[in-house]
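The values are calculated or read from the model by the stated rules, or taken from the named source; none is laboratory data. Bear in mind that the values here come from a model prediction, so they are computed numbers and not experimental data. Here the Cβ is made from the backbone with ideal geometry for all residues, glycine too, and neighbour counts use every protein chain on show. Ligands, DNA and RNA are excluded from the accessible area calculation, which covers all protein heavy atoms including side chains. Shrake-Rupley method; radii C 1.70, N 1.55, O 1.52, S 1.80 Å.
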Amino acid sequence: MTEKTLFLELWHHANLYIDKAYCPYSNFPVVCALKTESGKIVGSCNIENSSYSLCLCAETNAIMKAISEKKELITDLLVYAPKLDYCPPCGACRQRIAEFSDDNTVIYMCKSNQDYKTVKMKDLLPGQFSLQQDSTTT
Ligand code: THU
């Protein structure tokens, strides 16, 4: 499958969640779709709370949905916010994505169904937290 075909597959799936985003406080909908090693695609959206610190990002929700069904590698993850071109995952979501990714997991940040940027996980969160000693910190 080409990168563009994969992008369109994830784009289509993520956009199924645009109307499901619950964001009455920020009015900033975000959707996500991820693909796992076995080929499963899981989508989600941001879900906010009147106690603002409880707001959950679209990426976090998609990861929780997917991993609670099956713990496996995330190979690709798309994030899209209609109000921000190429919306990047926030810092907390980068760490959550990293937990279930490898260096080659591809993150798609989108402007439209024809315009997107990709970044590999190793470049999105270098120096991620790990319980094991990393050679770069010794
Ligand atoms: N948001 C996400 O869903 N993903 C991100 O990576 C950044 C921010 C959501 C959280 C909140 O509901 C809204 O965007 C505004 O911060």
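Shown for the range 3-125: the carbon plus sulfur share of the solvent-accessible area, taken with all protein chains present and a 1.4 angstrom probe, equals 52%.
Label zone of Ser68 (point 7 Å out along Cα→Cβ, amide N under 18 Å): in the range 99-113 this covers 100.
Database remark: amide H of Val30 closer than 5 angstrom to the amide H of Asn46 (H placed geometrically; neighbours at sequence offset of 5 or more, or on other chains; Pro and chain starts carry no H). According to the square roots a ≥ b ≥ c of the eigenvalues of the Cα gyration tensor, what is the shape class of the range 1-52, taking rounded for a/c under 1.5, prolate for a/b larger than b/c otherwise, and oblate for the remainder? Prolate, because a/c is 1.5 or more and a/b exceeds b/c. Take every pair of alpha-carbon atoms less than 8 Å apart whose residues are at least six positions apart; their mean separation over the length of the chain yields a relative contact order of 19 percent. Each Lys and Arg contributes +1 and each Asp and Glu -1, all at the Cβ; summed about the Cα centre of the range 2-138, the dipole is approximately 180 debye. Expressed to the nearest 5 percent, the antiparallel share of DSSP beta bridges inside the chain is 80 percent.
Based on protein heavy atoms only, the chain ends up with 56 Å² per residue of surface accessible to a 1.4 Å probe. Shape call for the range 92-138 from the C-alpha gyration tensor, a ≥ b ≥ c root eigenvalues: rounded (a/c under 1.5), prolate (a/b greater than b/c) or oblate? Prolate, since a/c reaches 1.5 and a/b exceeds b/c. Once the Cα-Cα distance is subtracted from the 0.36 nm per residue extended length, the Leu54 to Glu9 segment shows a gain of 13.2 nm. Which shape class applies to the chain: rounded if a/c is under 1.5, otherwise prolate when a/b exceeds b/c and oblate if not, where a ≥ b ≥ c are the square roots of the Cα gyration tensor eigenvalues? Oblate. Calculated [222 nm] ellipticity per residue, helices only, for the chain: -8000 deg cm²/dmol; basis is -39500 (n - 2.57) per DSSP H run with n ≥ 4, divided by all residues, nearest 500. If R0 is 41 Å, the Cβ-Cβ spacing of Ile47 and Gln114 corresponds to a FRET efficiency of close to 0.90. Once the chain from Lys122 to Phe28 is taken as fully extended at 0.36 nm per residue, the excess over their C-alpha distance is 31.1 nm.
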